[in-house]
Every structure is written in structure tokens, then in C-alpha cells.
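The values are calculated or read from the model by the stated rules, or taken from the named source; none is laboratory data. Bear in mind that the values here come from a model prediction, so they are computed numbers and not experimental data. Cβ coordinates were reconstructed from backbone atoms using ideal geometry, including for glycine residues, and neighbour counts include every protein chain displayed. Quick note on the areas: whole protein, heavy atoms, side chains included, nothing else; ligands and nucleic acids left out. Shrake-Rupley method; radii C 1.70, N 1.55, O 1.52, S 1.80 Å.
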Amino acid sequence: MSDYQKNMLSGAIFFLFGIVLLFAIPFTIQQGNLSAVGPRAFPNFIGYTMVFLSGAHLVITFISNKLSSKKTNEKDDVIKNGKECSSQGLKDEIRVIVLGIIMLLYVLTFENLGFFASTFIASTLSLILFKVHKWYHYLAVYGSITLIYLGFTKLLFVMLP
Amino acid sequence: MKKLVSILLVLTMVIALAGCSSTKEKEPSTQTTEQAKETETVKSLDFPKNPITIICPWAAGGSSDSMVRAIAEIGKEYFGVAVNVVNKDGAGGTIATTEFKNTKADGYTICLEAVGVFTTQPFMREVQYSMDDFKPVIGLTTEPIIMVAGKQSGITSIDDMKALGRSISYGFSGTGSLPQLAQEKFFQDSGLEAEGVPFEGSAPTLTALLGSHIDIGAAHPGEILQYVESGDLIPIGVFSQERDSREAFKNIPTFKELGYDIDMSVWKFLIIPKDVPDEVSAYLTETMGKIIADEKFIEFANNSNLMITPYTPEEVIQKVADEAAVNKELLAK
Amino acid sequence: MILEVLKTLFTPMNFLFLNVGLFSGIIVGALPGLTGTMCIALLLPLTYGMNSITSMLLLLGVYCGGIFGGSITAILINTPGTPASAATALDGYAMAKKGQAGRALHTALSASIVGGLFSTFVLLVAAPAIASFALKFGPVEYFALGVFGLTIISSVGGDSILKGLMMGMAGLFVSTIGLDPIDGIPRFSGNITELLGGIKIIPALIGLFAITEILNKGRNIFNTSETPIQIEGKTKTRFIDVLKYKMVLLKSSILGVFIGAVPGTGAAIASFLAYNEAKRTSKTPEEFGRGSEEAVVASEAANNAVTGATLIPLLTLGIPGDTNTAVLIGALTMQGIIPGPQLFVEQRSWVYAIMFGLILVNLFMYVQGKFLIKSFINVTKVPSNVMIPVLIVLCVIGAYAVNNNTFDALLMIIFGIFGYLMLKLKFPLTPMVIAIVLGPMVESNMRRALILSKGSWSIFVTRPISCVFLIIAVLMLFLPLIKKYLIRS
């Protein structure tokens with residue numbers, strides 16, 4: 001994705017967010033009882049500013065793109081961002097997505113499965129994801145996790161499920 | 001290699017620290033066996049076997065938190081097991097209370113509550129809990145609410161307020177709190193023009209008072225004692241049935257004497273989920289009663305200017321219901 | 001009297017507990033999510049049987065140590081252990097990536113000591129005067145101060161100020177989630193009870209800094225062109241080296257003292273303000289954000305200068321300068337000591353013992369710091385693919401431990417994913433953090449001020465302190481733009 005596309009996309013997202021926000025405010029926030037500057041005021045301010053800023057961003061991106069020579073821009077972008085689209089780049093991004101999913105699952109099961117179970121699963125999965133082969137690395141990680149557990153619960157009196 | 005050495009060093013320090021904190025626990029353990037014998041008859045209950053947790057619905061370091069930690073520290077001796085404190089603050093205590101509803105009813109988790117959670121918060125917005133979900137263990141402490149004026153405002157009495165001729169600003173800690181309600185009612189009844197300014201806690205409220213950004217505020221004795229003594233804050237009246245009998249406060253008139261029958265104090269108590277077995281809850285009530293009668297707790301209460309009020313579970317339920325009815329009317333206006 | 005004070009201070013018990021406090025504070029501060037405040041609260045019951053000066057030294061040690069500890073992880077793994085070190089992470093981590101981690105750490109330590117000692121000096125000499133100035137801050141002034149703080153966004157926004165401002169708005173939006181601070185009306189919390197309390201700064205901070213970085217590392221893990229964090233040959237900077245940044249040290253310390261003395265503001269605000277000021281007057285502003293040592297010096301001096309300063313309102317008026325000192329009040333109450341105007345008059349020697357004790361804390365922190373830096377640096381030699389799982393665990397525990405709530409940990413991960421996506425779209429994350437920290441202060445005080453002035457907006461310009469801050473804020477916001485235009489023409 002070229003810089004131009006990134007900027008347009010992000011500008012559009014923020015713009016949309018601002019509009020949605022402005023509409024959502026009267027629906028979700030009740031009127032306050034103390035004076036005019038109530039609970040809706042600040043969110044309204046944020047909404048309007050967001051729309052204004054993202055609008056300006058879209059306009060500026062569009063204009064500066066038109067002004068400078070189009071062809072050289074696209075080539076530079078491809079060279080800069082080419083790495084992302086190569087097969088290695090794609091693998092990297094997929095790895096990030098998987099890592100993100102592992103973390104989400106970890107957090108969601110933290111209380112249900114208990115600290116040890118969820119941590120054990122999450123750390124093993126990530127070690128596998130990172131292609132760790134040496135068994136003593138796995139052991140070191142499990143050992144540190146146990147130490148962490150002891151440290152937090154015995155020393156710091158932080159309760160872990 | 002270096003890594004191993006440094007890890008070992010850190011480990012030894014960690015163990016030394018652990019040693020530090022555990023030596024402190026060794027002292028009470030000799031007392032534990034003695035006191036545990038006292039409650040031996042009830043101990044055939046086989047409770048407690050595991051550590052007990054007390055939940056504090058307010059942030060660490062606050063007045064509620066200090067009280068829970070004092071109870072936890074003393075409780076170690078009486079219960080014979082570790083007593084841990086867990087803070088879950090937010091939304092005036094309602095978040096923790098809502099979660100507490102779903103806690104296992106085995107008696108190992110107790111929750112601190114301030115009366116406002118049941119008598120004011122439910123009328124301000126939808127809450128998912130009520131007193132019916134819980135069983136009180138025991139009442140703990142009570143603090144009356146005293147109205148004070150900043151030195152610079154020139155106000156020393158209600159008459160001064162009437163003579164002021166301009167609108168009066170008053171501050172309180174937390175929207176929907178009892179100090180707010182008490183002051184609101186007063187200003188309504190007196191017909192004086194006033195603006196209420198909420199703050200995040202008692203410290204910001206007092207700061208604003210001392211800096212004369214607001215004219216009037218309402219706070220607890222413990223918080224204002226030194227300022228009343230130094231003259232920076234002038235007490236106007238106390239919102240309770242009778243005057244505070246303690247030395248420093250006995251000259252402050254009640255609002256009832258001044259012509260406004262407003263009686264609101266903040267009191268705190270402990271609760272457990274309603275399905276906790278009766279023997280366990282009776283044991284908890286009895287032991288907590290001993291803990292707050294312990295001289296260490298009395299000393300803590302005196303230092304913080306708290307009055308110890310060990311209401312029985314039935315008294316707690318009654319008081320909560322009564323006060324809720326009064327406040328419901330007030331808040332409906 | 002000085003001799004009497006020193007006699008009560010220099011006892012073996014005091015030295016022991018001071019160091020125990022420092023050590024615990026640094027370690028806890030370094031752990032993401034756990035703050036010195038929490039550690040102080042945990043140690044409260046332990047202080048019960050102790051001599052009051054000993055317990056204060058213990059807790060002050062935790063306090064100062066906690067602020068420095070946060071900087072260690074901020075520099076090494078881009079995870080500020082406490083919000084106070086968020087500004088340090090900006091350039092500290094960049095320095096680490098360039099292989100200068102050791103230098104960054106030692107510079108941070110030296111700057112912290114300078115800031116801490118400076119604030120103690122001010123505390124000793126000018127406490128009552130500063131306290132009465134701090135009292136002049138009411139809702140109007142707090143609002144102006146907050147707005148001033150927010151304008152920093154334009155300078156940490158990286159290349160595009162517009163993008164920085166948009167992220168700032170996003171941060172302000174996040175800060176409105178939860179209960180309205182004035183009316184108590186729920187905003188944007190849906191049916192989720194946990195959101196009623198609002199989004200706490202720590203899950204957001206760890207998410208945006210640490211989790212985002214973890215995701216980044218995850219992407220580049222097999223990329224051998226990424227140099228791991230090395231420590232170059234001569235890593236030890238001597239204390240004297242930091243003194244070449246005299247002006248920055250002075251200004252940052254003054255800013256830190258000022259912010260610390262004003263109740264209700266904390267080290268995070270101070271460090272960002274100092275960072276901003278240093279960048280504005282630096283000879284190499286383009287280096288800021290890319291590994292400028294000056295930046296680390298500025299934010300570290302400021303956040304430690306807050307430590308002595310928060311004691312100013314505490315010891316003279318009995319009002320806490322920030323959340324840490326609020327917990328300290330609890331410790332003192334347990335001892336039967338009520339800090340305030342009376343204490344200052346009646347028990348001067350006790351008060352002075354504490355002040356001198358703070359000097360000792362700073363000195364010992366230098367010693368412990370040097371030692372602990374060596375140990376921590378060794379941790380970075382662990383290969384990434386083994387380190388990351390452990391880091392994830394620490395972060396999750398940290399976010400969970402704030403309120404014993406898994407929801408906070410979930411929020412943290414969501415912020416992390418959001419941060420990663422934003423970085424891909426080339427948006428800066430720091431403005432969002434600043435907005436989340438300052439948003440509540442700005443909004444609630446604006447509304448309080450308007451209640452007091454009965455809706456009149458002119459109050460913000462008629463009160464002198466507020467007017468000054470607002471003017472400076474406007475200048476700060478437009479200065480970078482003006483500069484750009486001046487350069488072009």
C-alpha cells in the first residue's frame with residue numbers, strides 16, 4: 001500500500017469515526033442537570049474537531065498528491081513498501097496476526113483456566129510460533145513463569161487466578 | 001555466565017526480602033495458636049483453611065483502603081490464615097459490588113461497603129445489585145459529615161451565609177455522595193442560592209477550600225481536624241442527630257439545632273454473598289467483632305478519627321433500608 | 001537542631017529499610033503495570049510497628065525507586081514501568097536500538113539524581129512559599145495547565161502535526177469513556193460494567209507501548225538485518241557527563257518541582273512538559289524522538305524532581321501532591337502523625353529529618369541504580385524469541401494487577417493491536433497517551449470552572465495564572481507551524 005493510499009484510508013477512517021461519534025452522542029448520553037456544559041459538550045467538541053482534522057488531512061493528502069509528479073511517487077512507494085508485499089513480508093504479517101490472536105486468547109482464558117494453564121498454553125504456542133527448537137529454552141521460560149508467579153503472589157501479595 | 005550470576009544475585013536479594021516479610025509474620029504465629037484455641041468450638045467448622053480475601057471497592061491508599069488493610073493485618077492473628085486485600089475501584093464502588101454478587105459463597109471473600117453504594121448510587125443510575133444479594137457481616141465505623149467554610153470566605157455561621165448576598169459555592173467529593181446530598185438539602189431548605197462543585201476525592205475538595213476557590217465544603221472529622229484547630233477552616237454544623245462527643249468537635253452544633261433536620265453520616269460495613277452457610281457467616285461476624293475490638297484497631301480508629309459502630313447484620317439491613325428510603329425521595333427531586 | 005535531626009536519621013535500621021524500600025521500588029517500578037504507588041500501599045501494614053522516620057524512609061525509598069525503575073524497562077523494552085517514564089521511552093528506547101542502552105540508562109540515573117536532589121533542596125528551603133503558591137491553583141488554573149499540557153501533542157506528533165492532533169483527539173475520546181466526572185452519567189460504556197470506571201491509564205499505556213512493540217518484534221524476529229539491542233564498548237557514563245546538559249537539567253527540575261507541588265498532577269505530566277521544553281530550546285530538535293540523550297535527561301530529571309516537590313504540600317498543608325503521597329498520608333495516619341500546618345510548626349525536627357532523609361534516598365539510589373543497571377542489561381542478552389513470551393506474561397499480569405480485573409488486560413491487548421495498526425498507517429502513538437492522561441483533568445476542571453463562574457467563559461482569561469498558561473499554550477500549538485513557514489520564506 002502506498003503512502004498516499006495509507007493516508008487516504010486513515011483519513012477516511014477518522015472522518016467516519018467523527019461522524020459516527022457525533023450521531024451517537026445524543027443517543028447514548030443523557031442530558032446532564034447542571035448547566036449547559038454537560039456530559040455531551042466535550043464529546044461533541046471531540047467529534048467536530050475530529051471531522052475537521054480528518055477532513056483537512058484528506059484534502060491535503062489529495063492536493064499534495066496531485067501537485068507532485070504521480071509516476072515517481074508510485075515507484076518510490078513500491079520500492080519502500082515492496083518488502084511488505086513480498087512473500088517473506090506476508091509471512092511476517094501473518095505471524096503478527098497469529099501472535100495477536102494468541103495474546104487475545106490468553107487474556108480471555110486468564111481467569112477461566114487459571115494462571116498456570118493459560119500462561120502455559122500461551123507461552124508454548126508463542127515459542128512454537130517463533131520456531132524455538134532447543135528444549136532448554138522452553139524449560140527456561142516455564143521456570144521464569146513459575147518464579148514470576150511465586151514472586152507476585154508471595155512477595156507482592158498480588159492475587160493471580 | 002554473567003547472566004546467571006546476576007540472576008542468582010537478584011534471586012538472593014529477593015529471598016532476603018521474602019525473609020524480611022516472613023519474619024514479621026513469625027511473631028503473630030505464636031499468638032495464633034492461643035487465639036485459635038479461643039474459637040476452637042467454632043473451629044470444628046473447618047473454616048478458614050485457605051487465605052481470606054477482603055475486597056475494597058476504592059483505590060489503594062484511601063481511607064477505606066487503610067481501614068481494610070488494618071483489619072487484614074490484625075485479622076491474620078484472629079483467623080489464623082493470611083488475609084489479603086484486593087482493590088477494585090471505580091464508579092463509586094458499584095463496579096466491585098456488582099462483581100462481588102457473583103463471587104463464590106464460601107465465606108473466603110468478604111467485601112467492604114460504604115452505605116452510599118446502597119443508598120445513593122442505585123438512585124442515580126441503573127445498578128445490577130441490591131442489598132438482597134448479600135448478607136451483612138458487621139458494621140464497622142461511622143464518620144459524621146461536617147460542613148466547613150474556608151477562612152477567606154468570611155463565613156462563620158448560617159447567618160453569615162444569609163447576609164452574604166451572593167451565591168455560595170460548595171464542594172464535595174464524588175457525585176451522588178452523602179456530603180453532596182446533605183449540603184444540597186440544606187441549601188434547598190434554607191432557600192440560599194448555591195452551586196455544587198464535585199471533586200474527585202476529599203483531598204482536591206479540601207485543597208479547593210483552603211485555596212478559597214470554593215466557599216463551603218463538607219467532609220469527615222478526620223480530614224478536617226487539623227484545619228479546624230489551626231483556624232484555616234471554620235466549622236458550621238454537623239449533619240447528625242447529636243453532637244460529636246469528642247473533644248475537638250463538641251462545640252459544633254448539629255444542623256438539627258440550627259433548624260434543619262438533616263441526618264446523614266457515612267458508615268461502612270462488611271458483606272458476604274447471601275448464600276454463605278449460616279455457621280460460616282456467624283463465625284465471621286463473631287471474629288470480625290473481636291478484630292474491631294482489638295486495641296490495635298481502636299488505636300487506628302482513633303488516629304483516623306473514626307467512630308467504631310459494630311452494628312449487627314440485622315441492624316445493618318434496617319439502617320440501609322431506612323436511609324435508602326430517605327435518599328430516594330431526595331434524589332427524585 | 002541540625003545535629004539532633006542527623007542523630008535521629010543516621011541509624012542502622014533507617015539505612016537498612018531505606019535500601020530495602022529503594023530496591024523494592026526499583027524492581028516494582030520496572031515491572032510493567034505495577035507502580036510504586038501500589039508497592040507503597042502493600043507495604044503500609046508492615047510500617048505499623050516501625051519508628052515513624054524509618055517507615056517514611058522505607059516508603060520514600062519505594063517512591064523514588066519506583067520512578068527510576070520505570071525508566072529501566074522504558075529504555076530497554078519500550079515499556080514504561082510507570083506512566084512517569086513514558087516520555088523517557090520515546091528517546092530512551094531509540095537510543096537502545098542504536099546500541100546505546102547502557103548510556104541511556106546511566107544518563108537516566110544521573111539525571112534522576114539531579115532532579116531528586118534539586119527538589120529536596122527546594123523542599124528544604126522554600127516549602128511554605130511554594131505551597132501557598134500551589135494553593136492558588138483552582139479549577140480554572142488546572143484547566144489552563146491541562147490545555148498547556150495537551151499542546152505538547154503538536155511537538156511529539158512526529159512529522160505530521162495533523163496526524164498527531166488526530167491521535168490526540170482519539171485519546172481524548174478514550175478519556176471520556178466511563179462516568180461523567182461532574183454529573184455521574186455513563187458515557188460510551190454500553191452495558192459493560194467495567195467500563196463505567198473509565199479506561200485506566202496503565203492498560204492503555206502498556207498496550208500502546210509494550211504490546212505494540214511486542215507485535216513489531218514478532219514481525220521482525222527472523223529479520224536478521226534488525227540489529228539486536230547491543231551494548232557498545234564503553235557504556236559507563238560518569239556522573240559528570242550529565243552535567244554538560246546544565247540548562248536542560250535546571251529547567252526540567254524546575255518544571256518537575258512546580259508540577260509536583262501543585263496537588264493532583266503527577267510525574268507523567270512533568271516529564272512530558274520537560275521533554276517538550278527541552279525540544280523547543282534544543283540545538284538539535286530533530287534528534288528528539290530518534291535517540292537524543294538530551295531528551296532522556298529532560299524527562300528523567302523532571303519526573304524525579306516531582307518526588308521532593310510532592311512532599312511540599314504534604315508536609316506544609318497536609319495535602320498530597322500526587323497519588324503516591326496520598327498513600328503516604330495513610331501510613332502517617334497509622335502512626336498517629338497528621339501532616340499539615342500544625343506538624344510543621346510543632347515537630348520541625350521530624351519534618352526536617354524526613355527532608356534530609358530524602359537526600360539520603362537519592363544518594364543511595366545512585367549506588368543501587370548503578371548496580372541494578374548491570375543486572376538488567378544482562379537480561380537484554382536473552383534472545384527475543386524466548387523473551388517475548390515472558391514479556392507478554394509480565395504485561396498481562398501488570399495490567400491485571402491494577403484492579404484485579406481481566407478486562408483491563410483485554411483492553412491492553414486491544415490497545416496494542418490498535419497501536420500496531422496505527423503505526424502501520426504512520427500515526428504517532430504518544431499524543432494518544434498524553435491525551436488519555438490529561439483529558440480527564442482538562443474536562444472536569446473546565447466544567448468545574450464554568451459552574452463556579454456560572455457559565456461565563458471569560459473567567460479563563462481574567463484570572464492571571466490561567467491567562468498566562470493559555471497564552472503560552474496557544475503559542476506552543478502554533479509555533480511549529482509558524483517556524484515552518486518562516487523557514488520556507
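Quick test for you: out of B:Lys296, B:Lys274, B:Lys268, pick the one residue that is open to solvent by 60 Å² or more (accessible area, probe 1.4 Å) and in contact with a strand residue (DSSP E or B) (Cβ under 7 Å, 6 or more places away or on another chain).
B:Lys274
Within region B:78-104, residues that are at the interface with chain C (Cβ under 8 Å from one of its Cβ atoms) reach partners that are open to solvent by less than 20 Å² (accessible area, probe 1.4 Å) and among the hydroxyl-bearing types (Ser, Thr, Tyr) with beta carbons closer than 8 Å, at six or more positions or on different chains, in the pairs B:Thr94/B:Tyr129; B:Thr98/B:Tyr129. Look at A:Phe110 and say whether it is more than 7 Å from chain C (Cβ to nearest Cβ) and either part of a helix (DSSP H, G or I) or open to solvent by 20 Å² or more (accessible area, probe 1.4 Å) (or both). The answer is no for A:Phe110.
Could you say which residue among B:Asn305, B:Asn327 is assigned to a loop (DSSP other than H, G, I, E, B), at pLDDT below 90, assigned by TED's automatic domain parsing to the domain that holds B:Cys56 and open to solvent by less than 30 Å² (accessible area, probe 1.4 Å)?
Numbers: B:Asn327 fails: assigned to a loop (DSSP other than H, G, I, E, B).
Of the residues listed, the single one that is assigned to a loop (DSSP other than H, G, I, E, B), at pLDDT below 90, assigned by TED's automatic domain parsing to the domain that holds B:Cys56 and open to solvent by less than 30 Å² (accessible area, probe 1.4 Å) is B:Asn305.
The set of residues in region B:308-322 that are open to solvent by 20 Å² or more (accessible area, probe 1.4 Å) and within 26 Å of B:Gly107 (Cα to Cα) comprises B:Ile308, B:Thr309, B:Pro310, B:Tyr311, B:Thr312, B:Pro313, B:Glu314, B:Glu315, B:Ile317, B:Gln318, B:Lys319, B:Ala321. Within the option set C:Val402, C:Val396, C:Val390, being at the interface with chain A (Cβ under 8 Å from one of its Cβ atoms) and out of contact with any Phe, Trp or Tyr (no Cβ under 8 Å at 6 or more places or on another chain) holds for one residue only, C:Val390. May I ask you to verify whether B:Ile110 is hydrophobic (A, V, I, L, M, F, W, C), in contact with a strand residue (DSSP E or B) (Cβ under 6 Å, 6 or more places away or on another chain) and within 11 Å of chain C (Cβ to nearest Cβ)? For B:Ile110, the condition - hydrophobic (A, V, I, L, M, F, W, C), in contact with a strand residue (DSSP E or B) (Cβ under 6 Å, 6 or more places away or on another chain) and within 11 Å of chain C (Cβ to nearest Cβ) - is not met. When region A:4-31 is filtered for residues that are more than 21 Å from the chain's Cα centre (by Cα) and loosely packed, with under 13 Cβ neighbours inside 10 Å, the ones remaining, listed by number, are A:Phe23, A:Pro26, A:Phe27, A:Gln31. The residues of region C:294-320 that are within 14 Å of chain B (Cβ to nearest Cβ) and either within 23 Å of C:Asp241 (Cα to Cα) or open to solvent by less than 10 Å² (accessible area, probe 1.4 Å) (or both), listed by number, are C:Thr310, C:Ile312, C:Pro313, C:Leu314, C:Leu315, C:Ile319.
Can you name every residue in region C:46-60 that is open to solvent by 20 Å² or more (accessible area, probe 1.4 Å) and within 11 Å of chain B (Cβ to nearest Cβ)? Spell out the reasoning first.
First pass over region C:46-60, keeping only residues open to solvent by 20 Å² or more (accessible area, probe 1.4 Å): C:46, C:48-52.
Correct list: C:Leu46, C:Tyr48, C:Gly49, C:Met50.
Within region B:44-54, not a single residue is part of a helix (DSSP H, G or I), over 30 Å from B:Ser202 (Cβ atoms), open to solvent by less than 70 Å² (accessible area, probe 1.4 Å) and modelled with pLDDT of 50 or more.
For region B:145-168, name all the residues that are part of a strand (DSSP E or B) and surrounded by fewer than 23 Cβ atoms within 10 Å (Cβ to Cβ). Across region B:145-168, the qualifying residue is only B:Ile168. With the structure loaded, tell me whether B:Lys76 is of a type in the set (Lys, Arg) and surrounded by 19 or more Cβ atoms within 10 Å (Cβ to Cβ) or whether it fails that test. Answer is yes for this residue. Taken over region C:187-221, the criterion of being more than 28 Å from C:Thr35 (Cα to Cα) and in contact with a Lys or Arg (Cβ under 8 Å, 6 or more places away or on another chain) is satisfied by C:Arg219, C:Ile221. Residues in region C:165-197 that are of a type in the set (Gly, Ala, Ser), assigned to a loop (DSSP other than H, G, I, E, B) and in contact with a strand residue (DSSP E or B) (Cβ under 7 Å, 6 or more places away or on another chain): C:Ser189 only. Among the residues of region C:25-41, just one is within 8 Å of chain B (Cβ to nearest Cβ) and either without any contact (Cβ under 8 Å) to a residue 12 or more places away in the chain or within 13 Å of the chain's Cα centre (by Cα) (or both), namely C:Thr37. For region C:417-449, filtered to residues that are open to solvent by less than 10 Å² (accessible area, probe 1.4 Å) and farther than 24 Å from C:Gly266 by Cα, the residue that is nearest to the other protein chains (Cβ to nearest Cβ) is C:Phe427.
In region B:274-292, is there at least one residue being charged (D, E, K, R), touching a helix residue (DSSP H, G or I) at 6+ places or on another chain (Cβ under 9 Å), within 26 Å of B:Gly176 (Cβ to Cβ) and in the same structural domain as B:Leu112 (by TED's automatic domain parsing)?
Taking region B:274-292 and keeping what is charged (D, E, K, R), we get B:274-275, B:278-279, B:286, B:290.
Filter again for touching a helix residue (DSSP H, G or I) at 6+ places or on another chain (Cβ under 9 Å), leaving B:274, B:279, B:286, B:290.
Okay, now just the ones that are also within 26 Å of B:Gly176 (Cβ to Cβ), so B:274.
Pick out the ones that are also in the same structural domain as B:Leu112 (by TED's automatic domain parsing) and you get B:274.
Yes, that holds for at least one residue.
Looking across region C:330-348, the residues that are touching a residue at least 12 places away in the same chain (Cβ under 8 Å) and open to solvent by 40 Å² or more (accessible area, probe 1.4 Å) come down to C:Gln335, C:Ile338, C:Arg348.
For region B:55-63, the criterion of being part of a strand (DSSP E or B) and either open to solvent by 10 Å² or more (accessible area, probe 1.4 Å) or under 19 Å from B:Ser265 (Cα atoms) (or both) is satisfied by at least one residue.
Can you name the residue in region C:196-209 that is within 9 Å of chain B (Cβ to nearest Cβ) and not charged (D, E, K, R) and is also nearest to the chain's Cα centre (by Cα) among such residues? Steps first, please.
At the first step, the residues of region C:196-209 found to be within 9 Å of chain B (Cβ to nearest Cβ) are C:196-198, C:200.
Those still in the list that are not charged (D, E, K, R) too: C:196-198.
On the way: C:Leu196: 25, C:Gly197: 22, C:Gly198: 20 Å.
Here the residue is C:Gly198.
This table checks each residue for (1) of a type outside the set (Lys, Arg); (2) buried (at least 24 other Cβ atoms within 10 Å of the Cβ); (3) over 18 Å from C:Lys370 (Cβ atoms).
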site: C:Gly70; (1), (2), (3): yes, yes, no
site: C:Pro80; (1), (2), (3): yes, yes, yes
site: C:Ala84; (1), (2), (3): yes, yes, yes
site: C:Ala87; (1), (2), (3): yes, yes, yes
site: C:Ala94; (1), (2), (3): yes, no, yes
site: C:His106; (1), (2), (3): yes, no, no
site: C:Leu109; (1), (2), (3): yes, yes, no
site: C:Phe118; (1), (2), (3): yes, no, yes
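Taken as a whole, the condition of being in a strand (DSSP E or B), at pLDDT 90 or above and more than 20 Å from the chain's Cα centre (by Cα) does not apply to B:Ile271. Which ones in region C:190-220 are open to solvent by 10 Å² or more (accessible area, probe 1.4 Å) and among the polar types (S, T, N, Q)? Of everything in region C:190-220, those that are open to solvent by 10 Å² or more (accessible area, probe 1.4 Å) and among the polar types (S, T, N, Q) turn out to be C:Asn191, C:Thr193, C:Asn216, C:Asn220.
Filtering region B:217-242 to residues that are at pLDDT below 90, buried (at least 19 other Cβ atoms within 10 Å of the Cβ) and assigned to a loop (DSSP other than H, G, I, E, B) leaves B:His220, B:Asp232, B:Ser240.
Among the residues of region C:127-136, not a single one is surrounded by 24 or more Cβ atoms within 10 Å (Cβ to Cβ), within 11 Å of chain B (Cβ to nearest Cβ), among the aromatic types (Phe, Trp, Tyr) and assigned to a helix (DSSP H, G or I). Where helices (runs of 4 or more DSSP H) fall wholly inside region C:322-441, the ranges with 2 or more residues that are at pLDDT below 85 are C:323-334, C:341-346, C:348-379, C:384-403.
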